[in-house]
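Below you'll find the structure, written out as structure tokens, and then a few comments.
The values are calculated or read from the model by the stated rules, or taken from the named source; none is laboratory data. Bear in mind the structure is a predicted one, so any value in this text is a computation, not a measurement. Counting neighbours? That spans all protein chains shown, and the Cβs are built from the backbone with ideal geometry, glycine included.
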Amino acid sequence: MRRRDFMVGLGAAAGSFLPYAIQAEQSSRVYRLGVLSAAQRPAPHIAAIFDELQRSGFVEGQNLRIDSGRGVQGDLSPENLVAMREFEPDVILTSADRWSRPLHDALPNVPLVCLSADLLRSGLLNSLARPESNLTGVSFFGPELDGKRQEILLEAVPGARRIAIVEGGNATPPDQIKQLQKAAHARGVESSVFHIHAPGDIVPLTDQIKASGAIAINVLASNFTFSNRRVLFERCTELRLPAIYEWPEMAEEGGLLAYGARLSGIFRQLARMVVKIFRGIKPTEIPVEQPTQFDLVINLRTAKAIDLEIPAGLVLRADKLIE
């Protein structure tokens, strides 16, 4: 064999052993990813998606095209669905149950990677270990964590005898809210439920909460409350209402208390699932994942601003204190 032929053959063989990231960068194929989230870049958890994809060799503007859905806030419109269909995505990543169902129905052949409070309760799947449809994702213990947060809130405000449960965007099933009320009642605490449907509802609703005699708020997990978190932080501080939120990042940004998995970590999990699908693995072969780390963050600056002294035992248990 001539040396030149040998070297060409050797180069071709070596190419087959290149890391996936390098092969992805060298591939002439352009992958298409639809991303539907209430947040947009440069939000850290959204940026985490693209950072994780880039680590695996999928780089926007090179071998990756993105349709971000332009920050959908409410229900998906027919126009949203048509636009996503015309984009012809290889995978869709979505951060809300309310979007996963219509996307799954409208584009049944497109793999869907979704963030969900409870994929089983939502009815989208019957098994987390073996997804039986074109859908997988991360399920983050929504009902359980709402209850855990309520316990932390009552520990932070030990004298509370009346609390408000704030639900945003109809994201929480009624039976889940009833369970929270039963749990509060078992502690000798009355609870009232307040529903927020639009950003303009927040100011009058928080005034109603204050007038009701509630002295603390359990803000339930939803895209809506996260998207409008800064207004909630401001109103709760102005009215001196202790409140607990879903994501640790929310306490770092000004909320009093937060307990849950970190958003950036969850979105990196989702991005790694997208990479698997880009590489040819079917969603039915990708088990639904769940977070394994949950952080309690207490913002002592906010506590001082509302004249609340957090019990020492709770402070000692915090994973992070904002001072």
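Within segment 134-148, is there a residue that is touching a strand residue (DSSP E or B) at 6+ places or on another chain (Cβ under 6 Å) and free of Cβ contacts under 8 Å to residues at least 24 places away in the same chain? No, every residue in segment 134-148 fails to be touching a strand residue (DSSP E or B) at 6+ places or on another chain (Cβ under 6 Å) and free of Cβ contacts under 8 Å to residues at least 24 places away in the same chain.
Residue count for segment 180-215, restricted to those that are surrounded by 13 or more Cβ atoms within 10 Å (Cβ to Cβ), closer than 22 Å to residue 147 by Cβ and under 27 Å from the mean Cα position of the chain (by Cα): 11. Can you say whether residue 264 is farther than 26 Å from residue 75 by Cβ, touching a helix residue (DSSP H, G or I) at 6+ places or on another chain (Cβ under 6 Å) and modelled with pLDDT under 95, as far as the supplied structure shows? It is true that residue 264 is farther than 26 Å from residue 75 by Cβ, touching a helix residue (DSSP H, G or I) at 6+ places or on another chain (Cβ under 6 Å) and modelled with pLDDT under 95. State whether one or more residues within segment 165-181 are among the basic types (Lys, Arg), farther than 28 Å from residue 317 by Cβ and either at pLDDT below 95 or out of contact with any Ser or Thr (no Cβ under 7 Å at 6 or more places or on another chain) (or both). Checking segment 165-181: at least one residue is among the basic types (Lys, Arg), farther than 28 Å from residue 317 by Cβ and either at pLDDT below 95 or out of contact with any Ser or Thr (no Cβ under 7 Å at 6 or more places or on another chain) (or both).
Matching residues to (1) within 23 Å of residue 224 (Cα to Cα); (2) in a helix (DSSP H, G or I); (3) at pLDDT 95 or above; (4) touching a Ser or Thr at 6+ places or on another chain (Cβ under 6 Å):
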{"position": "38", "(1), (2), (3), (4)": "yes, no, no, yes"}
{"position": "41", "(1), (2), (3), (4)": "yes, no, no, no"}
{"position": "45", "(1), (2), (3), (4)": "yes, yes, no, yes"}
{"position": "53", "(1), (2), (3), (4)": "no, yes, yes, no"}
{"position": "58", "(1), (2), (3), (4)": "no, no, yes, no"}
{"position": "65", "(1), (2), (3), (4)": "no, no, yes, no"}
{"position": "82", "(1), (2), (3), (4)": "no, yes, no, no"}
{"position": "85", "(1), (2), (3), (4)": "no, yes, no, no"}
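When residue 290 is tested against (1) modelled with pLDDT of 95 or more; (2) under 23 Å from the mean Cα position of the chain (by Cα); (3) surrounded by fewer than 18 Cβ atoms within 10 Å (Cβ to Cβ), only condition (1) is not met.
Yes/no matrix, rows are residues, columns are (1) within 18 Å of the chain's Cα centre (by Cα); (2) in the same structural domain as residue 276 (by TED's automatic domain parsing); (3) without any contact (Cβ under 8 Å) to a residue 12 or more places away in the chain:
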| site | (1), (2), (3) |
| --- | --- |
| 62 | no, yes, no |
| 78 | no, yes, yes |
| 90 | no, yes, no |
| 100 | yes, yes, no |
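Just one of the listed residues (153, 135, 145) is touching a helix residue (DSSP H, G or I) at 6+ places or on another chain (Cβ under 7 Å) and either crowded, with 18+ Cβ neighbours inside 10 Å or at pLDDT 90 or above (or both), namely 135. Can you confirm whether residue 221 is aliphatic (A, V, I, L, M), out of contact with any strand residue (DSSP E or B) (no Cβ under 7 Å at 6 or more places or on another chain) and buried (at least 19 other Cβ atoms within 10 Å of the Cβ)? Yes, satisfied.
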